[in-house]
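Student: Submitted below is the structure of interest, expressed as structure tokens.
The values are calculated or read from the model by the stated rules, or taken from the named source; none is laboratory data. Predicted model only: the values in this text are computed from it and were never measured. With ideal geometry, Cβ positions are generated from the backbone for all residues, glycine too; neighbour counts draw on all protein chains shown. Side chains included, ligands, DNA and RNA excluded: accessible areas come from the protein's heavy atoms. Shrake-Rupley method; radii C 1.70, N 1.55, O 1.52, S 1.80 Å.
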Amino acid sequence: MQEDFRLIVDLVLVLSAAAAGGLLASLLRQPVLLGYLLGGMIVGPAGLGLIKEVIQVETLAQFGVAFLLFALGVEFSFAELKKVRAIALGGGGLQIALTIAITVLLCGVTGAWETLPAKGMFLGAILSLSSTAVVLKCLMERNETETPHAQVMLGILVVQDLAVGLMLAVLPALDEPPEALGLAVGAALLKIGLFAAGALAVGIWIVPQILRFLAKTESRELFLLGVVALCLGVALLTEHLGLSIEMGAFVAGLMISEVEYADQTLTYVEPVRDIFATLFFAAIGMLIDPVFLWKNLELILGLVALVLLGKFLILAPIVRAFRYPLKTAVIAGLG
């Protein structure tokens, strides 16, 4: 087959497998997300090996998480963000710190790694993060994005996404002298601060003018193209700065959330978001190797138990300490 059509064929296969898997999951009354993962796993390299352009498919799949977070930013708005800023900053930061500290302690007690605390901190940093895309997708399926526990979870997830930039700067410098570590932390915080200030300025003075200009054309296509370009442009900028694509897309959504065209933007973007989000989850499924899972089942189950139980025991009391109801604290901890 000509190379020009290979990627198209792969995309058709992935989306078809995801649709079939999602339908099966829906019939079994399971989250369709599981069906997308299963579909991707079946057609992926570790399954039937039908996908040839794996890297290209995975690259396109990044659009899915970008559009998911962009739509979240448009819906969330600065007003909603202010409501949960205390639990997001205080609770989210405390959860990350406690998860890393407990993981380092467990590694030391069990002797999992001889070189401590660097490797324990690396594992703890990974375990302290959650997938905003997965949590958001689950909340959307259950129509719970406006509930108090969802707002708490999403606020904490935003802080986790911000922390990725700091972690990427700090983790490589753990074996360096203290001065190098301090410089890495300072540089990361400066990048985050400059990006936040720049995003605020652009969101106040530039983005509203662009949207109003696009709206005046009365062209749905031009409006959608402009919004998509803004979303992906800011996402790529954050990636270049060492932050996450998710964070950039979310901030781009926040820029639009305060403009009168926010609802119109969301209506236009939602179909694009759903298609690319499906591709994203199917691409994650393509990365799963059932043989590897089976060979490392004991270790993987241990890590899963550590995440499910450990993070619940860390986060639920934190949410409760911020004077949220017990029900909200329990659901947020589980989420």
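Student: With just the Cα atoms of the stretch 80-203, tell me how far they stretch along each of the three principal axes, in Å, largest first.
Tutor: 46, 37, 21
Student: Which of Lys83/Lys311; Lys137/Lys216; Lys82/Lys191; Lys82/Lys137; Lys137/Lys311; Lys52/Lys191 have a Cα-Cα distance over 26 Å? Kindly include the intermediate steps, with their values, before the conclusion.
Tutor: Working: Lys83/Lys311 23 Å; Lys137/Lys216 33 Å; Lys82/Lys191 22 Å; Lys82/Lys137 23 Å; Lys137/Lys311 20 Å; Lys52/Lys191 38 Å.
Distance filter (> 26 Å) returns Lys137/Lys216; Lys52/Lys191.
Student: Report, to the nearest whole %, how much of the accessible area of the chain belongs to carbon and sulfur atoms, 1.4 Å probe, protein only.
Tutor: Working: 12330 of 17800 Å².
Its accessible area is 69 percent carbon and sulfur atoms.
Student: I've got another one for you. What is the stretch 56-131 by shape, rounded, prolate or oblate, if you read a ≥ b ≥ c off the alpha carbon gyration tensor as root eigenvalues and call it rounded for a/c under 1.5, prolate for a/b larger than b/c, and oblate otherwise?
Tutor: Numbers: a/c = 5.31, a/b = 1.54, b/c = 3.45.
Since a/c reaches 1.5 but b/c is at least a/b, the shape of the stretch 56-131 is classed as oblate.
Student: For an R0 of 41 angstrom, estimate the FRET efficiency from the Cβ-Cβ distance between Ala101 and Ile288 and round to the nearest 0.05. The partial results should precede the final answer.
Tutor: Values: r = 30 Å, r/R0 = 0.74.
Here the calculated transfer efficiency is 0.85.
Student: Turning to a different aspect of this structure: Whole Å is fine, so just give me how far the alpha carbon centre of the stretch 192-208 lies from that of the stretch 256-335.
Tutor: Between the Cα centres of the stretch 192-208 and the stretch 256-335 lies a distance of 27 Å.
Student: Are there GluC sites (Glu not before Pro) in the stretch 249-322 that DSSP marks as loop and that have at most 16 other Cβ atoms within 10 Å, and which are they? Please list the in-between numbers first.
Tutor: Details: sites: Glu258, Glu260, Glu298; in loops: Glu258, Glu260.
Taking the stretch 249-322 and a limit of 16 other Cβ atoms within 10 Å, the loop GluC sites (Glu not before Pro) found are Glu258, Glu260.
Student: Let me make sure I get this right: for the stretch 234-279, a, b and c are the square roots of the gyration tensor eigenvalues over alpha carbons, sorted descending. Under 1.5 in a/c it's rounded, otherwise prolate if a/b > b/c, else oblate. Which is it? Don't skip to the answer; put the middle values down first.
Tutor: On the way: a/c = 3.65, a/b = 1.28, b/c = 2.85.
Oblate, since a/c reaches 1.5 and b/c is not below a/b.
Student: From the helices alone, meaning DSSP H stretches of at least four residues, give me the mean residue ellipticity at 222 nm for the chain, per-run term -39500 (n - 2.57), in deg cm²/dmol to the nearest 500. Mind dumping the intermediate values first?
Tutor: Details: 16 runs with 262 residues, N = 335.
Calculated from helices alone, the mean residue ellipticity at 222 nm is -26000 deg cm²/dmol.
Student: Moving on. Can you pull out the GluC sites (Glu not before Pro) in the stretch 33-131 whose DSSP state is coil and whose Cβ has at most 14 other Cβ atoms within 10 Å?
Tutor: Working: sites: Glu53, Glu58, Glu75, Glu80, Glu114; in loops: Glu53, Glu114.
Qualifying residues, ordered by number: Glu114.
Student: Using a/c under 1.5 as the rounded threshold, could you call the stretch 132-191 rounded, prolate or oblate? The axes a ≥ b ≥ c are square roots of the C-alpha gyration tensor eigenvalues, and prolate needs a/b larger than b/c, oblate otherwise.
Tutor: Values: a/c = 4.76, a/b = 3.43, b/c = 1.39.
Prolate shape, in that a/c is at least 1.5 and a/b is the bigger ratio.
Student: How large is log10 I(q)/I(0) at q = 0.13, 0.23 Å⁻¹ when the Debye formula is applied to the Cα atoms of the stretch 240-335, each weighted equally and without solvent?
Tutor: Here the Debye-derived log intensity ratios amount to -0.88, -1.04.
Student: Longest exposed-loop-site-free stretch of the chain, with trypsin sites (Lys or Arg not before Pro), DSSP loop and at most 13 other Cβ within 10 Å? Write down the numbers at each step before the final one.
Tutor: Values: sites that count: Arg29, Arg142, Arg323.
The answer is 143-322.
Student: Can I ask one more? Stokes-Einstein diffusion coefficient for the chain at 4 °C in a medium of 1.567 mPa s, Rh from the Kirkwood formula over Cα pairs: what value in µm²/s?
Tutor: Numbers: Rh = 21.4 Å.
Rounded, D is 60 µm²/s.
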